[in-house]
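What follows is one structure encoded as structure tokens, with my remarks underneath.
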Amino acid sequence: MPATSGPLGYGDRVKLTDPKGRLNTITLVPGGEFHSHRGIISHADLVGIPDASVVTNSNGEEYLAIRPLLSDFVMSMPRGAAIVYPKDAAQILSLADVFPGARVVEAGVGSGALSLHLLRAIGESGELFSFERREEFADIAKGNAAAFAGRLPENWTVTVGDLQEALPETCAAGTVDRVVLDMLAPWECVDVAAEALKPGGVVICYVATVTQLSRTAEELQRSGLFTHPQSSETMVRGWHVEGLAVRPDHRMVAHTGFLITARRLAPGTQLPDLKRRASKTDFSDEDLANWLPDMGAPGESERANPWTPERVGQPTKSDKVLRKKVRAAKQFAEDRGAEPA
Ligand SMILES: C[S@@+](CC[C@H](N)C(=O)[O-])C[C@H]1O[C@@H](n2cnc3c(N)ncnc32)[C@H](O)[C@@H]1O
């Protein structure tokens with residue numbers, strides 16, 4: 001299993017930074033060499049040196065050699081679906097209060113970026129049950145996880161299928177501490193999430209658009225099974241801090257997604273303010289149905305489902321591209337000497 005600290009060794013990923021600040025990430029293998037137009041570094045020269053050391057290439061040029069952090073790893077691993085960025089993963093762990101030993105359900109798995117953060121937070125005593133409707137994505141995630149840990153973690157179960165059908169078959173009712181949903185239509189999973197969660201357990205959903213956020217909030221409230229949902233977004237603005245030039249960076253990732261959390265109520269509990277909200281003085285069912293077209297007003301037959309990846313602006317990948325990504329993830333794991341995923 002690749003080490004996370006201590007001297008560098010075979011199987012480790014190493015980030016090499018050249019004198020101009022250019023980055024290359026390599027995996028140390030016996031007999032391997034890193035080539036650039038500036039010269040060669042033999043992998044053997046890196047093995048055994050302390051993490052975060054400076055090495056010289058065949059032309060005497062200096063490189064900083066340092067192990068990537070988990071956040072570096074997830075940003076550079078093969079992707080099938082869009083990943084949860086480290087800034088949002090950190091918020092998910094905090095807002096959902098993911099703790100060592102927790103039983104956590106996650107869907108979908110996508111490229112496995114969030115899975116890696118969850119696995120680290122729950123530790124070896126926790127259990128992660130991940131669900132993914134597309135087999136190719138599950139394979140990419142497993143390849144990435146094996147590449148990261150050297151093998152698939154024993155406390156991680158990946159089930160291929162829709163969460164709505166697969167979750168009740170995998171986890172008994174009331175046995176799960178946290179449910180994390182990163183998918184197009186999390187509102188379709190509110191009932192199964194509630195069924196699986198222990199009273200007081202947290203559901204957290206990551207969605208890309210305001211329309212998805214609103215639809216999710218309405219369903220959580222309409223279910224009557226959760227506390228009032230809390231919504232937020234996280235913007236991280238880097239700063240340039242050098243001498244007297246101290247200012248925000250010119251560029252930033254302005255938008256990734258929104259987070260919405262709620263706590264599972266004990267069975268039979270009704271929130272006092274739910275009774276108040278039922279008066280609906282602020283908006284009508286018709287207003288809601290206009291804003292969220294599949295939430296038809298009472299008595300109205302259900303409208304067509306308007307939610308597609310294209311309509312919410314999610315890029316989709318062809319089967320051919322996905323198969324290429326699966327091969328890349330498997331190769332990635334193999335290059336790192338991981339057990340087959
Ligand atoms: C944006 S990706 C997840 C990315 C992942 N969190 C990561 O950080 O790499 C969303 C995934 O959810 C899957 N998905 C959507 N609806 C689902 C459902 N009802 N059950 C299981 N998987 C679902 C999709 O196939 C897709 O792979």
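The values are calculated or read from the model by the stated rules, or taken from the named source; none is laboratory data. Everything numeric here is computed off the predicted structure, so don't read it as measured data. Note: ideal-geometry Cβ built from the backbone for every residue, glycine included; neighbour counts use all protein chains shown.
Taking the criterion of being over 19 Å from Arg22 (Cβ atoms) and either surrounded by fewer than 17 Cβ atoms within 10 Å (Cβ to Cβ) or touching a Pro at 6+ places or on another chain (Cβ under 6 Å) (or both), the residues of segment 72-94 that qualify are Ala82, Lys87, Ala90, Ser94. Take Lys20 and tell me if it is more than 20 Å from Ala338 (Cα to Cα) and free of Cβ contacts under 8 Å to residues at least 60 places away in the same chain. Here the answer is yes, as Lys20 does meet what is asked. Of Val190, Val179, all but one fail to be under 24 Å from Leu163 (Cα atoms) and either in contact with a Lys or Arg (Cβ under 8 Å, 6 or more places away or on another chain) or in a strand (DSSP E or B) (or both); the exception is Val179.
Scanning segment 77-91 for residues that are under 13 Å from Thr256 (Cβ atoms) and either within 12 Å of the ligand (Cβ to nearest atom) or of a type in the set (A, V, I, L, M, F, W, C) (or both) yields Ala82, Ile83, Val84, Tyr85, Pro86, Asp88, Ala89, Ala90.
Test Ala44 against the stated conditions and say whether it is more than 30 Å from Tyr206 (Cβ to Cβ) and touching a Gly at 6+ places or on another chain (Cβ under 9 Å). Outline the logic, then answer.
Details: more than 30 Å from Tyr206 (Cβ to Cβ): yes; touching a Gly at 6+ places or on another chain (Cβ under 9 Å): yes.
Yes, satisfied.
In segment 158-169, the residues that are in the same structural domain as Arg133 (by TED's automatic domain parsing) and more than 9 Å from the ligand (Cβ to nearest atom) reach residues that are assigned to a helix (DSSP H, G or I) and basic (Lys, Arg) with C-beta atoms within less than 7 angstrom, at least six apart or across chains, in these pairs: Val158/Lys142. Residues in segment 30-48 that are surrounded by fewer than 15 Cβ atoms within 10 Å (Cβ to Cβ) and part of a loop (DSSP other than H, G, I, E, B): Pro30, Gly31, His37, Gly48.
Being in contact with a strand residue (DSSP E or B) (Cβ under 7 Å, 6 or more places away or on another chain) and under 12 Å from Pro19 (Cα atoms) is the filter; apply it to segment 54-64 and report the residue that is surrounded by the most Cβ atoms within 10 Å (Cβ to Cβ).
Initially, segment 54-64 is screened for residues in contact with a strand residue (DSSP E or B) (Cβ under 7 Å, 6 or more places away or on another chain), giving 54-59, 61-64.
Pick out the ones that are also under 12 Å from Pro19 (Cα atoms) and you get 54-57, 61-64.
Working: Val54: 11, Val55: 18, Thr56: 12, Asn57: 19, Glu61: 15, Glu62: 11, Tyr63: 24, Leu64: 16.
Ranking the qualifying residues of segment 54-64, first place goes to Tyr63.
Look through Val74, Val55 and report the one residue that is among the β-branched types (Val, Ile, Thr) and within 16 Å of the ligand (Cβ to nearest atom).
On the way: Val55 fails: within 16 Å of the ligand (Cβ to nearest atom).
Among Val74, Val55, only Val74 is among the β-branched types (Val, Ile, Thr) and within 16 Å of the ligand (Cβ to nearest atom).
Determine, yes or no, whether Leu184 is surrounded by fewer than 22 Cβ atoms within 10 Å (Cβ to Cβ) and either more than 12 Å from the ligand (Cβ to nearest atom) or among the aliphatic types (A, V, I, L, M) (or both). The answer is yes for Leu184.
Of the residues Ser94, Ser115, Ser111, which is assigned by TED's automatic domain parsing to the domain that holds Tyr206 and more than 9 Å from the ligand (Cβ to nearest atom)? Give the steps one after another, and end with the answer.
Details: Ser115 fails: more than 9 Å from the ligand (Cβ to nearest atom); Ser111 fails: more than 9 Å from the ligand (Cβ to nearest atom).
One residue alone meets the criteria, Ser94.
Pairing each residue of segment 39-56 that is hydroxyl-bearing (Ser, Thr, Tyr) with any residue that is at pLDDT 95 or above, provided the two are 6+ apart or on different chains, yields C-beta distances under 7 Å for Ser42/Glu33; Ser53/Ala65; Thr56/Glu62.
Against the list (1) in a loop (DSSP other than H, G, I, E, B); (2) crowded, with 16+ Cβ neighbours inside 10 Å; (3) out of contact with any Asp or Glu (no Cβ under 6 Å at 6 or more places or on another chain), the condition Ile260 fails is (1). Could you run through segment 57-75 and say how many residues are touching a Ser or Thr at 6+ places or on another chain (Cβ under 8 Å) and either free of Cβ contacts under 8 Å to residues at least 12 places away in the same chain or among the basic types (Lys, Arg) (or both)? Within segment 57-75, residues that are touching a Ser or Thr at 6+ places or on another chain (Cβ under 8 Å) and either free of Cβ contacts under 8 Å to residues at least 12 places away in the same chain or among the basic types (Lys, Arg) (or both) number 1.
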